[in-house]
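Novice: Sharing a structure here in structure tokens format.
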Amino acid sequence: MRKMLLGTLLAAVLGTPALAQPFAFETGTIQLAGPRQPPNGDIFFNIEGFQNGAFASYGTARWDLTATRAAFDTAFGAGNWTVSSVTLTMTQSLAFFSTDGLVSVYWSADDTTNAKDPNSPLAYPLFDPNGILPPDLPVVQADPLVTYTFTQVATGHKDSYNLFTAGDTGERFSLANDILNDNTVTLVYNEGDGFVAATYGGSAFGDPNGRPELEIVAIMAGANNPPVANAGVDQTIEDTDQDQVVAVTLDGSGSTDVDGVIVNYKWTEGLTVLANGPNATPTVNLGLGQHTITLEVTDDDFDTDTDEVLITINPGGTAPIADAGAAQEVSDADDNGSEVVTLDGSASHDTDGGTLVRVEWFERGTLLGSGLVLATPLSVGMHTIELEIEDNAGHVSRDWTFVKVLPANIIGRHNFDGASALSFVQDPNGVFTSPADGFGVFSRATSPSVPFALLDDTLEHDPNALECTPSGFFELDTAGVIKCAQQDSWFGVADLANPNNLDGLGSVEMTFDITGASNLEVSVDLGAYGNFEAQDPNDPNFIYDGQVWTASIDGGPAQTLFTSSIDTGTQYFYTFASGRQRFEFDPMQINGTTIDNELQTFTAPVSGTGSTLTIRVDYIQDGGNEVMIFDDVIVRSAAAGCGPGCGDAQGDADLDDDCDVDLTDLALLLSDFNCTSGCVGDTDGDGDTDLTDLARVLSFFDATCP
């Protein structure tokens, strides 16, 4: 059941205007024995399950209703009003810290931190005078006002929950009666499962709009109470006969009218009326997919109320197995900037005898092509390729593969899987107490433990062979870069500011032999995830998030290769391996390009010649769920390039960079014709290969520019 209107507070009386201030939250406090001690406890508080550490699993909030009750007395006459509804609104804080899970809210009858009622006392009070609550202690014999699923959205997002509606009984009625007779209301929050970490703004939260709010709607005693719509619980139904349509019974029987009867139930989806009449439980036909359906009820006084329900219709049968094939490494032998790669998903199959009706390959959401086997040009660098398949029943499955197109003329490489620099030194050594902290080389295939924030465990490649090691398959994972299918080694940075490394600083140095080489170029694969902190110029001790890559030849001056910055205030959507998206504010950029949870290759030139090239990266990180990753550092001797006659349009037409425009360039363009992403033949830089590009090659045909 989903209420459509929450947070609008009205004193709904005949001819009486809405109150200017019908609620109070100024004195809401977090108790001293709560999960966060002051001063932070006044700013934010967590409800944490025992899987998340040593914090206590509960907190309380208290409101002074003196002004609210006086306002109601003024509007309706002393004692001449009753409570129609109570809504609790809380604002998510420190969203990066949060984890989805269940939370229960109880009412404290005597305004202590014991959640109890004279008619249903707790066998085990939540309040412990020593501030210690056994993490697995069950809450029994007290009914919560509400139990809800906390879902992390973003810092500043408001969550609203109904605690009372006219006609409710039990604890909810006791809460409303308490508001009628007492100037103080106390609520107790408690974990509903071991994995939840719900973090909210507290009474001293910087933004007054982010503090806990208790919203009370009052009406004149004896006035008509509007009906309360209840569209039923969300439903997920399988299309067992696989005919793409399912008959669904909608259930509005939970709708109530405390002082009359409901005379009509109207069900709509968008502008379409599905059912309309006195029947509370009509049956309607729905197709595959999600359906948000609105119920409007009307009582015998013509008052109305609405509620929503989500109905999800899933295809019957079992999902197919997508297999994008093994990771590949190919070389750009002709040094033209790209190579044609064959993607092989032929091991994909339907598990229940059906057929595959769609097989598509994507890179960063852009369609590369279709078919179980696809030959496609890929530019030099790292490519994360997604295979998405669909069977005839509508089931969709995904898998990922990884292709590295190596540049020509490599003279040095360090990739943690065999190719090594002359030397590799890191500081600190990365031996940290907590398994959640990391600074070093990791691999799903060989590391006994990897900090979980580095890993994207949302997609299991094969249900019969668990690939998400070492952390295991976790569909609701909320952070990570390295997918289950990535089995190579890489360097990861997670929670660098920790008890073993208080300043949050770290560095890595590599050296390469460059004797006799010129026109040096360095490339590295980078990834990141998180809500990053920018440097504070007014606070030199502030631990922010950043990385700077430099190069020097034979101990000479450092040349900056790559510098990070934080795109403060920007909301960035990270896509997980399962296809689920999650947004975070303040992503990290490298030289103006956002880095995310798919590794990208960055390239920069190095000036000068010599014997030894030293590449260094300096990190600073404040911890939390922000992570940074690098892999495959390559040093190469780039082509010297053509003369000035090959600049501008003619240079763009010289697709193979051999200082002329000839049949080879024309063949490259024609093989790439109609390409829409990563196009080799894109001479005009508009992102595709089309007739304009062909015209440009033809206009410079046979031209040379030595």
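Novice: Looking at the stretch 339-390 only, could you name the residues that are part of a loop (DSSP other than H, G, I, E, B) and either among the acidic types (Asp, Glu) or farther than 27 Å from residue 596 by Cα (or both)?
Specialist: Within the stretch 339-390, 346, 347, 348, 350, 351, 352, 353, 354, 355, 371, 372 qualify.
Novice: Tell me which residues, restricted to the stretch 233-272, are under 23 Å from residue 301 (Cβ atoms) and out of contact with any strand residue (DSSP E or B) (no Cβ under 7 Å at 6 or more places or on another chain).
Specialist: Within the stretch 233-272, 253, 254, 258, 259 qualify.
Novice: Related question: Count, please, the residues in the stretch 339-398 that happen to be hydrophobic (A, V, I, L, M, F, W, C), closer than 30 Å to residue 604 by Cα and either in the same structural domain as residue 242 (by TED's automatic domain parsing) or in contact with a Lys or Arg (Cβ under 7 Å, 6 or more places away or on another chain) (or both).
Specialist: Residues meeting the conditions: 1.
Novice: Got a sec? Which of 424, 416 is assigned by TED's automatic domain parsing to the domain that holds residue 515 and assigned to a strand (DSSP E or B)?
Specialist: From the options 424, 416, the qualifying one is 424.
Novice: Considering each residue of the stretch 271-288, count those that are without any contact (Cβ under 8 Å) to a residue 12 or more places away in the chain and either under 22 Å from residue 166 (Cα atoms) or assigned to a loop (DSSP other than H, G, I, E, B) (or both), and give that number.
Specialist: Residues in the stretch 271-288 being without any contact (Cβ under 8 Å) to a residue 12 or more places away in the chain and either under 22 Å from residue 166 (Cα atoms) or assigned to a loop (DSSP other than H, G, I, E, B) (or both): 1 in total.
Novice: Just to be sure before I move on: is residue 413 over 27 Å from residue 669 (Cβ atoms), in contact with a Pro (Cβ under 8 Å, 6 or more places away or on another chain) and of a type in the set (D, E, K, R) in the structure I sent?
Specialist: Here the answer is no, as residue 413 does not meet what is asked.
Novice: Within the stretch 342-361, does at least one residue satisfy the condition of being of a type in the set (D, E, K, R) and touching a residue at least 60 places away in the same chain (Cβ under 8 Å)?
Specialist: no
Novice: Here's something else I'd like to know. Name the residue, out of 294, 283, that is closer than 30 Å to residue 392 by Cβ, modelled with pLDDT of 95 or more and not assigned by TED's automatic domain parsing to the domain that holds residue 391.
Specialist: 283
Novice: Let me ask something additional. Does the stretch 444-456 contain any residue that is at pLDDT below 95 and part of a strand (DSSP E or B)?
Specialist: yes
Novice: Moving to a separate point now. Using the structure shown, decide if residue 237 is under 29 Å from the mean Cα position of the chain (by Cα), assigned to a strand (DSSP E or B) and not basic (Lys, Arg).
Specialist: Criteria met by residue 237.
Novice: Which of the following residues is under 30 Å from residue 157 (Cβ atoms), crowded, with 17+ Cβ neighbours inside 10 Å and among the hydrophobic types (A, V, I, L, M, F, W, C): 237, 311?
Specialist: The match here is 311.
Novice: Considering only strands (runs of 3 or more DSSP E) fully contained in the stretch 161-221, which possess at least 3 residues that are closer than 18 Å to residue 147 by Cβ?
Specialist: Counting at least 3 such residues, we get 184-191, 197-201.
Novice: Pick from the stretch 248-272 the residues that are among the aliphatic types (A, V, I, L, M) and at pLDDT below 95: which of them is surrounded by the fewest Cβ atoms within 10 Å (Cβ to Cβ)?
Specialist: 271
Novice: Still on this model: Being in a strand (DSSP E or B), of a type in the set (Asp, Glu) and farther than 18 Å from residue 490 by Cβ is the filter here; which residues of the stretch 600-634 pass it?
Specialist: Result: 618, single match.
Novice: Could you say whether any residue in the stretch 217-227 is without any contact (Cβ under 8 Å) to a residue 40 or more places away in the chain, buried (at least 20 other Cβ atoms within 10 Å of the Cβ) and not basic (Lys, Arg)?
Specialist: Scanning the stretch 217-227 turns up no residue that is without any contact (Cβ under 8 Å) to a residue 40 or more places away in the chain, buried (at least 20 other Cβ atoms within 10 Å of the Cβ) and not basic (Lys, Arg).
Novice: Quick one: in the stretch 476-489, of everything that is touching a Phe, Trp or Tyr at 6+ places or on another chain (Cβ under 6 Å) and in a strand (DSSP E or B), which residue is nearest to residue 441 (Cα to Cα)?
Specialist: 489
Novice: Turning to a different aspect of this structure: Going through 314, 336 one at a time, which residue ends up being assigned to a strand (DSSP E or B) and in contact with an Asp or Glu (Cβ under 7 Å, 6 or more places away or on another chain)?
Specialist: Matching residue, one of 314, 336: 314.
Novice: Would you check if residue 329 is touching a Lys or Arg at 6+ places or on another chain (Cβ under 6 Å) and more than 28 Å from residue 632 (Cα to Cα)?
Specialist: No, not satisfied.
Novice: Same structure, new question: Every residue in the stretch 399-412 that is surrounded by 18 or more Cβ atoms within 10 Å (Cβ to Cβ) and not in a loop (DSSP other than H, G, I, E, B), please.
Specialist: Hits for the stretch 399-412 are 399, 400, 401, 402, 403, 404, 405, 406, 412.
Novice: Which of the residues belonging to the stretch 675-689 are surrounded by fewer than 19 Cβ atoms within 10 Å (Cβ to Cβ) and touching a helix residue (DSSP H, G or I) at 6+ places or on another chain (Cβ under 8 Å)?
Specialist: 684, 685, 686
For (1) touching a Pro at 6+ places or on another chain (Cβ under 9 Å); (2) over 26 Å from residue 422 (Cα atoms); (3) among the aliphatic types (A, V, I, L, M), each residue gets a yes or a no:
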| site | (1), (2), (3) |
| --- | --- |
| 565 | no, yes, no |
| 570 | yes, yes, no |
| 585 | no, yes, no |
| 589 | no, yes, no |
| 597 | no, yes, no |
| 604 | no, no, yes |
| 607 | no, no, no |
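Novice: Then there's this: With respect to residue 310, determine if the residue is closer than 25 Å to residue 688 by Cα, among the hydrophobic types (A, V, I, L, M, F, W, C) and not assigned by TED's automatic domain parsing to the domain that holds residue 657.
Specialist: Spelling it out, it is not the case that residue 310 is closer than 25 Å to residue 688 by Cα, among the hydrophobic types (A, V, I, L, M, F, W, C) and not assigned by TED's automatic domain parsing to the domain that holds residue 657.
Novice: Out of 416, 439, 432, I need the residue that is within 30 Å of residue 347 (Cβ to Cβ), of a type outside the set (A, V, I, L, M) and modelled with pLDDT of 90 or more. Which one?
Specialist: Selected residue: 416, the only one of 416, 439, 432 that is within 30 Å of residue 347 (Cβ to Cβ), of a type outside the set (A, V, I, L, M) and modelled with pLDDT of 90 or more.
The values are calculated or read from the model by the stated rules, or taken from the named source; none is laboratory data. Being a predicted model, the structure only gives us computed values, none of them experimental. Because the Cβ atoms are built from the backbone with ideal geometry, glycine has one as well, and the counts that use them run over all protein chains shown.
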